[in-house]
1. Would you mind checking the tilt of helix C:324-344 against the longest principal axis of the Cα atoms of chain C, expressed as 0 to 90 degrees and rounded to 10?
2. Can you give the three extents of the C-alpha atoms in segment C:212-266 along their principal axes, from longest to shortest, in whole Å?
3. Which one of C:A272, C:Q193, C:V124 is farthest out on the positive end of the charge dipole of chain C, using unit charges on Cβ (Lys, Arg +1; Asp, Glu -1) and the Cα centre as origin?
4. Within chain C, what is the longest stretch that has no GluC sites (Glu not before Pro) placed in a DSSP loop and near at most 15 other beta-carbon atoms within 10 Å?
5. Could you run the Karplus curve 6.51 cos²θ - 1.76 cosθ + 1.60 with θ = phi - 60° over segment C:408-421 and give me ³J(HN,Hα) per residue in whole Hz, x for Gly and Pro?
6. What is the spin-label model distance, in nm, from C:K106 to C:E261 if the labels are put 7 Å beyond Cα along the C-beta direction?
7. Write down Rg/Rh for segment C:123-226, rounded to two decimals, with Rg from the C-alpha atoms and Rh from the Kirkwood relation over Cα pairs.
8. How big is the equivalent ellipsoid of the protein assembly as shown along its three axes, where each semi-axis is √(5λ) from the Cα gyration tensor, reported in whole Å from largest to smallest?
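Only the coordinates and a few stated rules stand behind these numbers; no lab work does. Just so it is clear, the structure is predicted and the values come from calculations on it, not from any experiment. Cβ: placed from backbone, ideal geometry, glycine included. Neighbour counts: every protein chain shown.
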Amino acid sequence: MHDGSKIYLNKLNKDWDPFSRFSAVNRLYKAKAEGDILTGLIYIDEKSRDLHDMICTIKKPLNSLTEKELCPGNAALESINQDHR
Amino acid sequence: MTYIKPKFHHPELPTNRLGYTKKEYEGVISTLCAGCGHDSISAAIVQSCFEMNIEPHKVAKMSGIGCSSKTPAYFLSNSHGFNSVHGRMPSVATGANLANCDLLYLGVSGDGDSASIGMGQLVHAIRRNLNITYIVMNNGCYGLTKGQDSATADAGSINKTGIANEFNAIDLCGLALELGATFVARSFSGDKSQLIPLIKAAMSHKGFALIDVVSPCVTFNNNTGSTKSYDYVREHMEAVGTFDYAPYEKKSQLIMTAK
Amino acid sequence: MVYVGALSALLDIEHQVLKDIIASEFAKKPKLIPLNEYALQLGIDYAKKNYACPLPIKVERRDLIGDLIVMEGNAATGLGAIYGGATVAAWYPITPSTSVVGGFEKYANKLRIDKETGAKKFAVVQAEDELAAIGMAIGANWNGARGFTATSGPGLSLMNEFLGLAYFAEIPVVLVDVQRGGPSTGMPTRTQQSDILMAAYASHGDTKHVLLFPCNPKECFEHTALAFDYADRYQTPVIVMTDLDLGMNEHLSPPLVWNDERQYDKGKVLSAAQLDTVAKWGRYLDVDGDGIPYRTIPGTHPSKGSFFTRGSSHDEFARYTEDSNDYVKSMDRLNVKWETIKNEIIEPEIYQQKNEHSIGIIFFGTTTYAALEAMDLLKEEGIETDALRITSFPFSASILEFIDAHETVFVIEQNRDAQMKKILTQELEVHPKKLVSVLNYDGMPITANYIHKTIEEKLKATISKPQLV
């Protein structure tokens, strides 16, 4: 897993691959067709990128950013004013 | 029955690496029905957090409305909690996560909250791969409002009223797989040996980790004919595999560096 | 370009100005500049040869603009959010509010990028609907970041439930409503000021929300930045009410200014050290007597300060309760908070040192400049008036003083049902007959001529009709 921890899986079915979405979907449908409730870790993507990764936010929490880091200041504003004259 | 928890505890209660006993991970006494599956899940959450050496105040407990959404009061008293409006927990959790990526987000919801009014928000939280452990306490009915069938009730399943549900069930795991979810699991409130490692793995996962936990409602949906009763689930459960979780040993692990 | 050249000769438009515009317009394709200059000259030569140039009507340079800027209200609003410290913007596309977050994102991509890593010091999420947008903004604020959303009338309708939660559970959130023609889908590309009643009292039960009414881009910028301070200080939603006319059109405005000494007002938030000094903290305890309790942000202290945020009734320690006394105490404290807000937020603009006339005019937002021009037209006919511009809700005591000081007060607004007049009547306990409505709701911006004509007609009707007291 991304933080170095490990999952030890002992598969009870050789026709199921927990890293394959296709296999997981098939396994799920097979269980349903047989009237069973499939349990356990059905699918995992170990390379998962979360929302923060996708939108490229800074690694520091946004709620910890100071005014100095957030407020561009009057000089930048005057430059924007100039663009609108 | 008393609702006051004793403050005294055995002096030799085991402690985790933070020096906390399990008591530091508990909440107030449950006011759910005796035998409710949700209480077992709460206990599994307490156990998982204790064993994972998580700092309780670094967890944010997010829930919606329903019996399931009451459970965050029953674990992690030192964590902030947010009971949002019905079905809208994923959006609040998204905003909270955007504000602080360093907390651990634990979303607790039910099948009414997630598979009906909350269906849209659940779908998009999965789509965005929000970093959250999302546990659905799934009993096939609306316990808090006296037992109506929910959208996860199987076609043909009979609840306490004796009337069979006509409509197809929403399979949250099937839906999650289809939506590209990166961690999909199902468990049963009566099987802690499976549930606890799943919760731990979900909390370590970077992204949306869905655990659909069948959690029988002893009051409204535990009768013969229900496909979400204790008896039915025990008879029809099929595990994909046995499963064990081992946390990363080094101190640089995410949960150990929480401030 | 030939046509422009001909026109410039006829109207005596300065040649260099047009050359400069061509140079700037085609700066990225310089090969086109000589061609366009040539076309311009062709038009000039043709007009001079065939017509008597210049005409009796001509264009003459003036220098009345000074340092004014030309900007869209929505862009100024987005900038206000940047300067106000917003880090989370959640939104759903809807005309005419889309360019608010568009503006925020555009400026954020220039001004809020970490120099070392290139990472973003902000997050913009396009939500799946307006309910999710406001939910995300609320979640962000609950967790200590300044979050906001922008929408229009239909979106505000959807956001009602969450606004009630934010009001009752006392969570800061900023919402920009760029109003358009309603009701329902209404007129998406026309302007109106018809969300006022809904914004003021959004959600079921007894709720009321802080509203701000900017009248130009400068105020869009200032009021939006201020909204974040107000939301944090008063732990409540703040709704910035603009409209399509202000938001999507470019307006002349005084330039935007920021005081570099200014510090954000994050309100009453307890740190871990402060929690250690408090004997017994309650999330909804009124310690200072102003109705505003102290809050804590998740992750602050290992064993103190945690609580449940929820929309259900709660006691001073955030515990669930349906006890009558606890509920009434809670609701009454929210009223105490409301009075505090009333005394602290921005005042209306009053246009005269002393009220000297029997007729007063009240206006707000985009009715402002048309109203001021109408006052000049009335003055030319000997009808002199005093004026007051509403900038915020809850209403300042000075608005009641203004109304009491005049025999007749005209309330100018752009909706059919005189929403602002209704709120004034209700909140200030003014007799409805004292306030006379001037209403425009055809979707086009109100004009000075319309205000002038309407006031004249209503004054004539008043004189010829016996007064009912």
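1. Approximately 40 degrees, to the nearest 10.
2. On the principal axes, segment C:212-266 reaches 32, 26, 12 Å in Cα extent.
3. C:V124
4. Longest gap between qualifying sites, sites excluded: C:117-260.
5. Working through the residues one at a time gives 10, 10, 8, 10, 9, 8, 10, 7, 7, 9, 6, 5, 5, 4 Hz.
6. My value for the distance between the label points is 3.3 nm.
7. That ratio equals 0.94.
8. Output for the protein assembly as shown: semi-axes of 56, 33, 25 Å.
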